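To start, the structure itself, in structure tokens.
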Amino acid sequence: MLGFKRAMRMAAVAVSLAIMLLGAATSSQAQTVGHVRLHIVKAGFIIGVGGGSGVLIFHGHRYPLAVSGLGIGSLGIAAVDLVGTASNLTSPGAIAGTYAGAGAGGSFVGGGQVATLQNGNGVVLQLRGVQAGFQISLGLGGMTLSLR
């Protein structure tokens, strides 16, 4: 009986050690997240044009952003201040690119905006904000961000 208990303890120690070693060998799946603030002005009739500026806060540093883009199905003029997160960042430069998103929405003065967009680098923006003005659009896709 004493030999059985000793064998069970040794097996438990071996399994625990194997789990610790395998856990240390696998790469981390943690997402790196930054915070984003954007100010965008959009205007259009059928084809909309937008532009603006913003900032990415990543690992305690501030990176200025430029916003540009075209959209189809726009009507009106509006300005929107958006705040949110940028996830899956591997570096500050990964935020640069053209973002695609889905969903139709319309807003009037004081209307809320919520959007989830993704670029070719896998960076996902989750943005929310309040819009001033009148704008009906078929989506926020086509927005391009670049580091200034």
Pairs with Cβ under 6 Å, 6+ apart, first in segment 115-143 and within 14 Å of ASP81 (Cα to Cα) and open to solvent by less than 20 Å² (accessible area, probe 1.4 Å), second part of a loop (DSSP other than H, G, I, E, B) and modelled with pLDDT under 75: ALA115/GLY101; ALA115/LEU140
Taking the residues in segment 62-108 that are in a strand (DSSP E or B), in contact with a Phe, Trp or Tyr (Cβ under 8 Å, 6 or more places away or on another chain) and open to solvent by 40 Å² or more (accessible area, probe 1.4 Å) as candidates, determine which candidate is modelled with the highest pLDDT. ILE77
Please go through (1) more than 12 Å from the chain's Cα centre (by Cα); (2) at pLDDT 65 or above; (3) not hydrophobic (A, V, I, L, M, F, W, C) for GLY111 and return the number of the only condition it doesn't satisfy. (2)
Given (1) under 13 Å from VAL41 (Cβ atoms); (2) open to solvent by 20 Å² or more (accessible area, probe 1.4 Å); (3) out of contact with any Ser or Thr (no Cβ under 6 Å at 6 or more places or on another chain); (4) at pLDDT 80 or above, index of the condition HIS59 fails: (1)
Is it true that some residue in segment 32-51 is farther than 16 Å from LEU127 by Cβ, at pLDDT below 55 and exposed (fewer than 14 other Cβ atoms within 10 Å of the Cβ)? no
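The values are calculated or read from the model by the stated rules, or taken from the named source; none is laboratory data. Since the structure is predicted, the reported quantities are computational estimates derived from the model, not experimental observations. Neighbour counts are summed over all protein chains in view; Cβ atoms, including those assigned to glycine, are modelled from backbone coordinates with ideal geometry. Accessible surface areas use protein heavy atoms only, side chains included; no ligands, DNA or RNA. Shrake-Rupley method; radii C 1.70, N 1.55, O 1.52, S 1.80 Å.
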